[in-house]
1. For the range B:382-415, which positions are without any contact (Cβ under 8 Å) to a residue 12 or more places away in the chain and not charged (D, E, K, R)?
2. Somewhere in the range B:133-145, is a residue closer than 27 Å to residue B:70 by Cβ and surrounded by fewer than 17 Cβ atoms within 10 Å (Cβ to Cβ)?
3. Taking residue A:171 as the residue in question, decide whether it is hydroxyl-bearing (Ser, Thr, Tyr), more than 14 Å from chain B (Cβ to nearest Cβ) and either surrounded by fewer than 22 Cβ atoms within 10 Å (Cβ to Cβ) or under 28 Å from residue A:79 (Cα atoms) (or both).
4. Given (1) over 15 Å from the mean Cα position of the chain (by Cα); (2) modelled with pLDDT under 90; (3) within 18 Å of residue A:56 (Cα to Cα); (4) of a type outside the set (A, V, I, L, M, F, W, C), identify the lone condition not met by residue A:254.
5. Quick test for you: out of B:426, B:359, pick the one residue that is among the aliphatic types (A, V, I, L, M) and surrounded by 21 or more Cβ atoms within 10 Å (Cβ to Cβ).
6. Considering A:25, A:107, A:7, which residue is surrounded by 14 or more Cβ atoms within 10 Å (Cβ to Cβ), at pLDDT 85 or above and of a type outside the set (Ser, Thr, Tyr)?
7. Here are some conditions: (1) within 14 Å of chain B (Cβ to nearest Cβ); (2) among the charged types (D, E, K, R); (3) outside any helix (DSSP H, G or I). Residue A:236 meets all but one. Which one does it not meet?
8. Do we find a residue being of a type in the set (Gly, Ala, Ser), more than 14 Å from chain A (Cβ to nearest Cβ) and more than 20 Å from the chain's Cα centre (by Cα) anywhere in the range B:402-418?
Amino acid sequence: MSIQNPLKLRPRAEDRPGQRAGAALPNKMTARGVTVFYGAKQALKGIDLDIQENRVLALIGPSGCGKSTFLRCLNRMNDTIEGCRVEGRIALDGEDVYGKAVDAVQLRARVGMVFQKPNPFPKSIYDNVSYGPRIHGLASGRDELDEVVQTSLKRAGLWGEVKDRLREPGTSLSGGQQQRLCIARAIAVSPEVILMDEPCSALDPIATAHIEELIDELRANYTIVIVTHNMQQAARVSQRTAFFHLGEMVECDDTEDIFTNPRDERTQGYITGRYG
Amino acid sequence: MTDLVERDAAAVTPSPASTTPPKSRLRSEAFARRLRARHAAERRFRLAGAAAVALAALMLVLLLGSIVAKGASAFLEARIRLEVTLDPADVADRNYAAPLRRALYAQFPQVTDRAGRRVLNDLLSSGAPYELEAMVAKNPALAGTTQTIWVRADDQIDQLVKGGYRRDLPESERGLSDAKVAAADALLASGALAQGFNTTLFTAGDSREPEQAGIGGAIVGSLLTLLVTMALSVPTGIAAAVYLEEFAPKNRWTDLIEVNINNLAAVPSIIFGLLGLAVFLGFFGMPRSAPLVGGLVMALMTLPVIIIASRVALKAVPPSIRQAALGIGASPLQTVLHHVLPLAMPGILTGTIIGMARALGETAPLLLIGMVAFIVDVPHGLTDSATVLPVQIYMWADSPERAFTERTSAAILILLGVLILLNGAAVILRKIFERRW
């Protein structure tokens, strides 16, 4: 079997007709000429990319192609890496996120992140979710905080499994539950964009299916950018896909087009498994 | 997808003919020989390891055994029972030696000559009148009454009771006159000479007379010194470690600082004493023998230890925790205070307590700033003259009296006890604060 039409794996009829029309959705974030250096090594070479509101953008490409680096530029997580230099312009709602007026702390509250390996705090499930709202002062009083926690856990599809043990440590959950807890923790701050860096790579297929469904539901309220090595996953969860190769963005188009009718032969080669 | 898998499988699986070694080589006699040699080597290694552990344990047992054997008797002291009649005139004159002597002479009616009475006087500790004085000061109603009291015996009698003198030796070689031995034996026979728990050892300051000497002053001195050390080095050390590990840029300057901190941890402690002498006493004119100065010197000495231990503990916190906190918009300081520091706390505490234990057992730098003085009073403040436990042990070990030998061992036992307590606290704190992730 080759990936001639991966969309067959999990058709989503309701999305198909609207796919093209949706291309006119406003851009939540835009990247222009984003270039990243780690010391002397160039990791990204002038990336131009639009991230549309309330849609899922998948970043695919072979290892080391710079897709995670690009993702981490979007909420300035690269700031924490020694020797990392970012050039170009990334805008959130038209405002340069690397500009002087933007505070990295506020930016990361608006652009949340879910990491490759589930990384709940070694605290209770409740404290994990309530931490963000608490430090940002988003909830006044205990009741409101309880409600934020409950809503976030419900949106992350975890409430039913943990509602009776909110005081237990978040690290006691299974891997898939931990990752959903991390998603709940991210959405508890009500971010506008959620970045996911291979959120399923450490999970088994059932937990992966869970997270994928969740991503699809979250799309209604959030703009999502997901890095994945799994092309079927990109096909299943995203509306748009960008293919990265050796620090360049080769092409970005509607997911259906990328997988059925790629314009660049490198994309063609990657999705059919000839290299990568 | 399947293409990928198939292609990968083809690349990994080697062709059977080229790489699989001939099976006969793994079954050959030579291979079996090598295998036996490998197992034998492992057995030898294990044996050597077990022997090393056994040797270390034996040394420890020998060391502790000899200290306990020498020091255990110091926890008891010989006391003499006397029927003391407190003449109001003597009390008014504050002459407490006279009533004690009268009571003692009454127990030996046959002794009337001056030489005999001097022997009897020497049975009592020279501190006995002060014991009586303290008793009367506490209860003035005792004046004019007759009381049965136990007073401390002289250290030679104390040692005689504990078997420190060999009775079979002739008088000239024994170091204790026959007359004293006879008098002590008479008291023992009548039950007027007995041993009790030695509270003096814990409450008194230093003294020239072994039976009046205690480590109370040294313990208070050690506590005051450690207090200063802790107050200075713990906050400074943790703050420095957090800054260097979490905030400071990694450049040539921070590298230089790191190298210097590591070197500082290896500097011999006596150098810190010299520094304290030159800077704190010489330049700032601080008082000699004071716990304040001792604490300052110890803080300088402990600081690198705490910084290094804290940095190791901070490094051990997985970066994913920092990313998680930063990723939801915690500021770097919040990330450190809410997540990193609590997780690093067990390691930091262990390092701190080990540093404190080292400071508690340190002698050399304190000798240079005058804490080696003979100090009778228990210190009451940071600038009072004081000494510390290990220095007290050092001074007692220098004293010629037999009774100081056992007190030296007893003081070592107490110091070891405190150190074990501190290390135990480190283990318990570690267990309490430890969190898994």
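The values are calculated or read from the model by the stated rules, or taken from the named source; none is laboratory data. For clarity, every value in this text was computed on a predicted model and none was experimentally measured. Neighbour counts are summed over all protein chains in view; Cβ atoms, including those assigned to glycine, are modelled from backbone coordinates with ideal geometry.
1. Kept after step one, since they are without any contact (Cβ under 8 Å) to a residue 12 or more places away in the chain, are these residues of the range B:382-415: B:397-398, B:400.
The answer is B:397, B:400.
2. No, the range B:133-145 contains no residue that is closer than 27 Å to residue B:70 by Cβ and surrounded by fewer than 17 Cβ atoms within 10 Å (Cβ to Cβ).
3. no
4. Failed condition: (2).
5. Values: B:426 fails: surrounded by 21 or more Cβ atoms within 10 Å (Cβ to Cβ).
Unique residue meeting the criteria: B:359.
6. Answer to the check: A:107.
7. Of (1) within 14 Å of chain B (Cβ to nearest Cβ); (2) among the charged types (D, E, K, R); (3) outside any helix (DSSP H, G or I), only one is false for residue A:236: (3).
8. First pass over the range B:402-418, keeping only residues of a type in the set (Gly, Ala, Ser): B:403, B:409-411, B:417.
Next cut, more than 14 Å from chain A (Cβ to nearest Cβ) only: B:403, B:409-411, B:417.
From the residues that got through so far, the ones that are more than 20 Å from the chain's Cα centre (by Cα) too are B:403.
So far as the range B:402-418 goes, yes, one or more of its residues are of a type in the set (Gly, Ala, Ser), more than 14 Å from chain A (Cβ to nearest Cβ) and more than 20 Å from the chain's Cα centre (by Cα).
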